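Novice: Just passing along the structure, written as structure tokens.
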Amino acid sequence: MPTAVIQTLGCRLNQADTALMAEQLRLRGFRILPRGASADLIVINSCTVTGEAARKTRQALRAARRRAPEAFIVLAGCDADVHPDAWGPDSGADLVIPNALKIELARLLPHPLVRPSAPSTAAPISEGGSGGADGFRIPGTGAYPHRTRANLKVQEGCDFFCSFCVVPAARGRPRSRDWDDVLREARELLERGHHELVVTGVNLLLYRDAERERGLAELVEALCRLDGDYRIRLSSVEPGPGLERVIDVMARTPRVCPSLHLPLQYGEDRILRAMNRRYAVAEFAGLVRRAVSRIPELCLGTDVIVGFPGEDDEAFEACRRVLVELPFAYFHVFSYSPRGGTPAAARPGRPDPRLTAERAAVLRELSKAKGRAFAGAFRGRDLVVLPETRTAGGGVTGWSGNYLRVEIPAPDAPLNTLIPCRVTRVLGPRKVAAELCDRRRGSGQ
């Protein structure tokens, strides 16, 4: 039986693509080995969203070649689209597959699996990234090593063209997955024993079932009507038209997890305009306050970029104040990384890297404080947890619907089952200890 390893870099969407590739390889007779193992086939599912991500992609490819000199190595995904000239004979890659063809990996492999004299590209990589029509379908169903949560890919591409972002070049224009195909994979994932489906895409709010004029909110409602004991979680959602409707569904549908990740990117209007974001701070603030008023237990997260060209002390302080004032439970903090081909890369006025690092550290400490406060608000309250792993002490740990990491010191607590528990103490930012309780599951928190 031939062996394969798939190493995934980057976002949740890449994780979904990896699961689909892994299932296809299994059906072709491959045995999937863990990351870091030597194998006949090694696939690097790449990321290029930042300069550091692109560097890690190349590092992973070189490490794979050193580890398995005779292996057939595939470079797949975003870096294939954005940097097609980087994968020559010295790169270590044998086959380069852009995003549009990743889910056809098994079909594109040579038989027998023999290294070529020079790397080849599975298809021409056109400017602007992968193509494809609206209503795309995905063959098969994703395979995940753990049966608890599964990613459900419903959308590809983005045309927002934020000035710092290379994703439109890597993922192409917005395309939505066929409505019935989404529901088909969701049913199959539930039948395989998953109890949480994470709806994911590049820009989820751009999901459209054009034929019936339905969007993300209607798709989530349809997913909630499937049979089984499960819950639905949304991955990162860009602020924009249609979000209020999604919040409404989340507020009145217990099966939807009360967690929402809304990328702010910066908390000051001048920088937001330079980033080509589609809102002002006041609009964003009004949106999140309405969301929390509708869903009091909501876990609200965001992304923030520091060190963007033009950021000065005044802008940073305004951003920090916004992050203090808004009801975030956490934020991911990134130092700006110029990406070739994006408008921001040519902008002057980047802060000194040491100052950027200091500012990033300030915001990360603020995020930790917010995370501890959010966790503390649930002391003594009941949550529903999906245990994923056993702890060294014999208990279990997993996630609540509102995105708290929960440790339950109960050796008899089952894994991969939605169970009610009561929070007893705070262990850290968004991390709590809890005890089992007997009440029936209610809100799905």
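Novice: Would the range 319-342 turn up any residue that is modelled with pLDDT under 95, farther than 23 Å from Ala361 by Cα and either open to solvent by 20 Å² or more (accessible area, probe 1.4 Å) or in contact with a Gly (Cβ under 6 Å, 6 or more places away or on another chain) (or both)?
Specialist: Within the range 319-342 (the criterion being modelled with pLDDT under 95, farther than 23 Å from Ala361 by Cα and either open to solvent by 20 Å² or more (accessible area, probe 1.4 Å) or in contact with a Gly (Cβ under 6 Å, 6 or more places away or on another chain) (or both)), the answer is yes, since at least one residue qualifies.
Novice: Follow-up question, since we're still on this one. Filter the range 195-208 down to residues that are in contact (Cβ under 8 Å) with a residue 60 or more places away in the chain and under 19 Å from the mean Cα position of the chain (by Cα) and give me whichever is farthest from Glu244 (Cα to Cα).
Specialist: Going through the qualifying residues, I end up with His195.
Novice: Residues that are more than 26 Å from the chain's Cα centre (by Cα), surrounded by fewer than 16 Cβ atoms within 10 Å (Cβ to Cβ) and either among the hydroxyl-bearing types (Ser, Thr, Tyr) or not in a loop (DSSP other than H, G, I, E, B) (or both): does the range 356-365 have at least one?
Specialist: Yes, the conditions are met somewhere in the range 356-365.
Novice: Given the conditions (1) open to solvent by less than 10 Å² (accessible area, probe 1.4 Å); (2) touching a Ser or Thr at 6+ places or on another chain (Cβ under 7 Å); (3) in a loop (DSSP other than H, G, I, E, B), and given that Phe164 satisfies all but one, which numbered condition is not satisfied?
Specialist: Only one criterion is unmet by Phe164, namely (1).
Novice: Another question about this same structure. Out of all the residues in the range 366-378, which are of a type outside the set (Lys, Arg) and either surrounded by fewer than 20 Cβ atoms within 10 Å (Cβ to Cβ) or in a loop (DSSP other than H, G, I, E, B) (or both)?
Specialist: Leu366, Ala369, Ala373, Gly376, Ala377, Phe378
Novice: Then there is this: Looking for something open to solvent by 10 Å² or more (accessible area, probe 1.4 Å) and either at pLDDT 90 or above or among the aromatic types (Phe, Trp, Tyr) (or both) - is there at least one such residue anywhere in the range 81-88? Spell out the reasoning first.
Specialist: Filtering the range 81-88 down to residues open to solvent by 10 Å² or more (accessible area, probe 1.4 Å) leaves 81-88.
Within this subset, residues satisfying the condition of being either at pLDDT 90 or above or among the aromatic types (Phe, Trp, Tyr) (or both) are 87.
The answer is yes, given that some residue of the range 81-88 is open to solvent by 10 Å² or more (accessible area, probe 1.4 Å) and either at pLDDT 90 or above or among the aromatic types (Phe, Trp, Tyr) (or both).
Novice: Follow-up question, since we're still on this one. Filter the range 393-430 down to residues that are of a type in the set (A, V, I, L, M), closer than 22 Å to Arg364 by Cα and open to solvent by 50 Å² or more (accessible area, probe 1.4 Å), then give me how many there are.
Specialist: Of the residues in the range 393-430, 1 are of a type in the set (A, V, I, L, M), closer than 22 Å to Arg364 by Cα and open to solvent by 50 Å² or more (accessible area, probe 1.4 Å).
Novice: A further question follows. Among the residues of the range 336-355, what is the count of those that are in a loop (DSSP other than H, G, I, E, B), under 27 Å from the mean Cα position of the chain (by Cα) and not basic (Lys, Arg)?
Specialist: Of all residues in the range 336-355, those in a loop (DSSP other than H, G, I, E, B) come to 336-342, 347-352.
With under 27 Å from the mean Cα position of the chain (by Cα) added as a condition, the list becomes 336-342.
Right, trim to not basic (Lys, Arg) and you get 336-338, 340-342.
Summing the residues that are in a loop (DSSP other than H, G, I, E, B), under 27 Å from the mean Cα position of the chain (by Cα) and not basic (Lys, Arg) in the range 336-355 gives 6.
Novice: Quick check, is Arg381 modelled with pLDDT of 95 or more, open to solvent by 60 Å² or more (accessible area, probe 1.4 Å) and closer than 27 Å to Thr253 by Cβ?
Specialist: yes
Novice: Pick from Leu25, Leu20, Leu75, Leu33: which is open to solvent by less than 30 Å² (accessible area, probe 1.4 Å), touching a residue at least 24 places away in the same chain (Cβ under 8 Å) and farther than 23 Å from Ala169 by Cα?
Specialist: Going through Leu25, Leu20, Leu75, Leu33 in turn, just one is open to solvent by less than 30 Å² (accessible area, probe 1.4 Å), touching a residue at least 24 places away in the same chain (Cβ under 8 Å) and farther than 23 Å from Ala169 by Cα: Leu25.
Novice: Going residue by residue through the range 124-134, is there one that turns out to be at pLDDT 80 or above and either basic (Lys, Arg) or buried (at least 19 other Cβ atoms within 10 Å of the Cβ) (or both)?
Specialist: Kept after step one, since they are at pLDDT 80 or above, are these residues of the range 124-134: none.
Within the range 124-134, not a single residue is at pLDDT 80 or above and either basic (Lys, Arg) or buried (at least 19 other Cβ atoms within 10 Å of the Cβ) (or both).
Novice: Among what's in the range 209-266 and is of a type in the set (Gly, Ala, Ser) and over 22 Å from the mean Cα position of the chain (by Cα), pick the residue that is nearest to Ser163 (Cα to Cα).
Specialist: The first filter runs over the range 209-266 and keeps only residues of a type in the set (Gly, Ala, Ser), leaving 210, 215, 217, 222, 228, 235-236, 240, 242, 251, 259.
Next, from what is left, pick out any that are over 22 Å from the mean Cα position of the chain (by Cα): 210, 228, 251.
Values: Ala210: 28, Gly228: 43, Ala251: 33 Å.
Checking each candidate, the answer is Ala210.
The rows are residues; the columns are (1) crowded, with 23+ Cβ neighbours inside 10 Å; (2) more than 20 Å from Ser259 (Cβ to Cβ); (3) among the hydroxyl-bearing types (Ser, Thr, Tyr).
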residue: Arg147; (1), (2), (3): no, yes, no
residue: Gln155; (1), (2), (3): yes, no, no
residue: Ala169; (1), (2), (3): no, yes, no
residue: Gly172; (1), (2), (3): yes, yes, no
residue: Trp179; (1), (2), (3): no, yes, no
residue: Arg187; (1), (2), (3): no, yes, no
residue: Gly193; (1), (2), (3): no, yes, no
residue: Leu205; (1), (2), (3): no, no, no
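Novice: Sticking with this structure for a sec: On the given criteria, is Lys431 basic (Lys, Arg), closer than 30 Å to Phe164 by Cβ and touching a residue at least 24 places away in the same chain (Cβ under 8 Å)?
Specialist: So Lys431 does not fit the description; no.
The values are calculated or read from the model by the stated rules, or taken from the named source; none is laboratory data. Predicted model, so just to flag it, every value in this text is computed and none were measured. All Cβ positions, even for glycine, are placed from backbone atoms using ideal geometry, and neighbour counts span all protein chains on display. Keep in mind that these areas ignore ligands, DNA and RNA; they rest on the heavy atoms of the full protein, side chains included. Shrake-Rupley method; radii C 1.70, N 1.55, O 1.52, S 1.80 Å.
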